[in-house]
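The structure under discussion appears below in the form of structure tokens.
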Amino acid sequence: MSKIDAPSVPGPRASREARRDGLAGFIALIVVALAVAIAAVALLARDAGEPVVLLLLAALAAAGMFYLFATAIGLVRIGEAPAATSPVEAYLATGADGVQIRRADGRVIYANEALRGLLGPGFDPSLGIEDTDGLGPAASEALFRLSKAAAGGYEWEEEIERPSGEGRQSRWLRISVTHLDIPEPGAGRGVRHAAWRVEDRSPARRDEIAGDARPASAAALVDALPFGLAFLDPAGRLAGWNTALADLAGLGPAVPGDAPATARPALADLVGPAAAATILATPLPRLSQRDGQPPGAELRLADGARLPVRLVFRRDSDPSALGTIAFVPVEPRPMPAETAPEPSEARLARYFDAAPVAIATIDRSGRILSANSAFTRMFAGSGEQARPGRQRLGDLVDPRSRAQLDARLGEGPAAADGQPLQIAFGQNGERIGRLYLSAIASDGEAGGSAIVYAIDATEQRDLEIQFAQSQKMQAVGQLAGGIAHDFNNVLTVIIGSSDLLLANHRPTDPAFRDIVAIKQNANRAAGLVRQLLAFSRRQTLRPEVLLLNDVISDLSILLSRLLGERVRLKVAHGRDLWYVKADVTQFEQVIINLCVNARDAMPDGGRLTVRTYNLSREETQKLRDKALEPGDYVACEVSDTGTGMPAEVLAKIFEPFFTTKEVGKGTGLGLSTVYGIVKQTGGYIYCDSTPGKGTTFRIYLPRFVSEPAEAAPSQRGERREKSRDLTGTGTVLLVEDEEAVRRIAARALARQGYQVLEAGTGAEALDVLAEHDGRVDLVVSDIVMPEMDGPTLLKALRKVNPEMKIIFISGYAEDALKSLEGGEEFQFLPKPFQLKELVAVVKETLGG
């Protein structure tokens, strides 16, 4: 038994034994004093001391007679040691349960050794059980209720799990509080004491967890819980609940699993929108606690009352379920509501609060009389929550809309004309809403009242803006596509003619520089056309399986030259990078454009970082502020330490023809081209910029997953490593409706040794092929042609010769090539092209 440094409360038998011990000691003291006195008198004066000695002997004899009499009647016992403890204390000291007895003021007067073993070595027996730290913060609610029972004079019982630690398992403890009346000296009746008892329930609980109990015991245990328990689906609705919650909130039997989700009550219906939002928004396995206490709320009972509860939430690892939530009462028994409406009124209030549309009632001055949960959620970002009875509707809207709203309310009943009122609200008025007013007949109150229906139109406005932007992009794309075909044919003739002229002129000829200038400007015009098609997402892409690390490594030397000496280039390759499928040439253009823009943003030099890494599906789900579809992506970041961009510029950087550069130094198509290429590839691009600190562009391309045979990256450098000998042999059928392009291409192929057959349409090409009995090694065909386009011609050629090789050339093919993706093999050369490129592709296709 632990000795507590506090006065002990003796029992009745202990008091009697204490009085006997005191009396025996007093008699023994008198006998000793008399004996000493007799000896002293006898030694000092033998003659004169005789009367005194006789008197003392008489007193000693009287004392002895009194002692014998006290012993005979049991007042004094001889040879019996006083008991150290009472039988009750001895029993409690040897028991397996922990016991602690405390006065009404909370002071501990008794604690046995078993209590220390159950609560851990860190338990201080001079403190109350609820003050120990060994039970963890999760037990704070149960200990609080036990403390209130101890202070309130009623019995209570809780089961608590003591957390596991180093070298020990978790233990389940049943802690109960009872009360004893113990008499004390001087008290007319027994004094009330609180007796705390701690019982180890670990073996039984482990058997239940191990499955020794019957299968139905788990459901029975949930229904037997003294507090409400519910299971939430990802939408925040109750998928199931126990009997205690059904009785408290009037939920009735559980809804079948195949019933529609709207048939199940929402968490906000039980605890209000604010507490429900806290639960649904937490990404943690357990709900965060303040000061060791779970967050509080008010549970709406079936009779309209409010029961203060603590919300203990645990998130589920299964994505099809949100988690489990317990509604633990703060008080041992429900508190009476201040006002308990009739059941019909309670149902009406619940329907009003559960409506998906934001609804509120206001008086003529605009003061909010009542509001449902949807109304509170809608205006939650306005800096203040809607507080019925103390707030005006105008306080929730942006100041720019407040005057208009006050004017409408000042019209009285005429304001309820069914016409919506457009308002702005939110922290900075960034959200848009519509208000509909409906008058209610006056019920005798001053000013009457009206109903306000509010609809958040922010998403609709954003969609309208996006639609307008897409319409603008589509219009520009149609314009670009309309001119691209003819314009690229013209540029092909100019570039091809320049190549033929350059082949016949030496660099020392006076006309050589002029021909070079013509070719350079034609190539520049071709680049502008490609940019127009790129940002409008109408260019013809030839995607292949790539490793972005390889692409950036190949570009690093070129980028170093473009950036100059003042800008330091740092490349950080991600490890084990996934494959992507993209047009390598176009992606190189994306990286070059971003790096050149970064260089221009650092006129005094700086650091440019290109980084690649993998982004898993779980990580994309955390990017809630971005419209990024969940999935696996390969990310590429281009970051600089330049001047950065303000918010108003950042919002327009991807728009075509928008530029902040001086006249003549930028076309405004660079970033719009980047945006179009990334979007056409199926990826996403975002930009973060801070003025004075720099800019970061992040590109997310979808991960390419296929069979191992398909996953190998393409050999991009194969064509570049081919021999420069472009001569060859064979018969080539050239199909091109533009005569000038056909003539230039035929001359270039004939000069390299090929026999060239010409046709102006697809039908004419089939006739030429029939005249030569199909003895054609290769067909070079335009895609967009009258009568019969390129893909249709290819299908007809496959019927004549399934092994026929073909090269498509086009300046704008739109979606014509999509019909050939089903296993058809062909090469593609975009217009305008240089004659060397045409000859090189022909030789490569023929296997030269």
What residues qualify as long-range amide H neighbours of Leu299, i.e. H under 5 Å apart, gap of 5 or more or another chain, H built at 1.01 Å from N? Leu307, Val309
Formal net charge of residues neighbouring Gln834 (Cβ-Cβ distance under 12 Å; K, R +1; D, E -1): +1
Students sometimes get this wrong: rank Ser470, Ser147 by accessible area, probe 1.4 Å, all chains present, largest first. Ser470, Ser147
Packing-based ranking, highest mean first, of 680-686, 355-361, 799-805, 613-619 given that Cβ atoms within 10 Å are counted: 680-686, 355-361, 613-619, 799-805
Whole-Hz Karplus couplings 3J(HN,Hα) for segment 145-162, θ = phi - 60° and coefficients 6.51, -1.76, 1.60, Gly and Pro as x, run 5, 5, 5, 5, 5, 5, 6, x, x, 10, 7, 7, 8, 9, 10, 10, 9, 7
On a full-extension model of 0.36 nm per residue, what is the gain between Leu127 and Ala740, subtracting their alpha-carbon distance, rounded to one decimal in nm? 210.5 nm
Evaluate the distance, in nm, between pseudo-label points positioned 7 Å from the Cα of Phe352 and of Asp406 along their respective Cα→Cβ axes. 2.8 nm
For a 28 Å ceiling on Cα separation, which of these pairs sit above it: Lys581/Lys843; Lys570/Lys836; Lys652/Lys831; Lys581/Lys622? Lys570/Lys836; Lys652/Lys831
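The values are calculated or read from the model by the stated rules, or taken from the named source; none is laboratory data. From a predicted model like this one, the values you see are computed outputs, not experimental measurements. Here Cβ is always computed from backbone atoms with ideal geometry, including for glycine, and neighbour counts include all displayed protein chains. Note: accessible area is taken over every heavy atom of the protein model, side chains too, but ligands, DNA and RNA are not part of it. Shrake-Rupley method; radii C 1.70, N 1.55, O 1.52, S 1.80 Å.
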